[in-house]
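I have placed the structure first, in the form of structure tokens, so that the comments after it can refer back to it.
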Amino acid sequence: MSDITVVIPTLKQSRDEIPTIESIPDRISINIQRESPISRARNRGVERAETEYIVQLDDDIRFERELWDELVSTIDRHRVMGMADWDYDLIVTRMIGFHRDVWKETGGFDERLGSHMEDTDFVIKAEKHGCELVSIEQDRIEHVPHENRIRTFDRVWRLFYSCAKHPRYAGRLMRGTLL
């Protein structure tokens, strides 16, 4: 599939600082979005993409070509594929692929959430719209370690906001965050 744009949200100034680029096949369009918060960068990347399929990748990952091929052959109009999350039995945007229409129908990434849980919100909305969520095992994606900058207060307000927005998922969100 060549009708794909990769969106990489980052605040890094140089392409040389983004190890993710090494894993992307040469023929694929790469759209680097240097906006903050990350949810805004994710949305601008989709808006500026000229393709039907979008793959969003964190700026600090590496993966094998086999995983890329699996991802692009799996995503379609009703299937979103991404890395399995840690807490909610959903998927996250460290690596995620979807059809542009899924983004349009769900309203994209909630920019109020800034740089945390915007991915959880997006995949919940995708699932509510009837999309199948397909997980990629975490160990198939190499992540460059870095400091986690989310504070407890930020995590708590995002949890309550998300539970109010998606009450059917509140139990899952609370268990995943608190346990």
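Derivation of every value follows stated rules applied to the coordinates shown; laboratory data play no part. If you're wondering where the values come from, they're calculated on a predicted model, not measured in any experiment.
In table form, for the structure just shown:
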item: Pairwise centroid distance, computed over Cα atoms, of region 148-177 with region 1-62, Å; result: 26
item: Three-way shape label, region 87-150, alpha-carbon gyration tensor, a/c 1.5; result: oblate
item: 222 nm mean residue ellipticity, helices alone, for the chain (DSSP H n ≥ 4; -39,500 (n - 2.57); rounded to 500); result: -10500 deg cm²/dmol
item: All lysines inside 28 Å of residue 165 as judged from Cα atoms, apart from same-chain residues fewer than 8 positions distant; result: 104, 125, 128
item: Given (1) 9, 26, 29, 22, 10, 3, 0; (2) 9, 24, 20, 20, 17, 8, 1; (3) 10, 40, 38, 11, 0, the label whose value is P(r) over Cα pairs in 10 Å bins from 0, in percent derived from this model; result: (3)
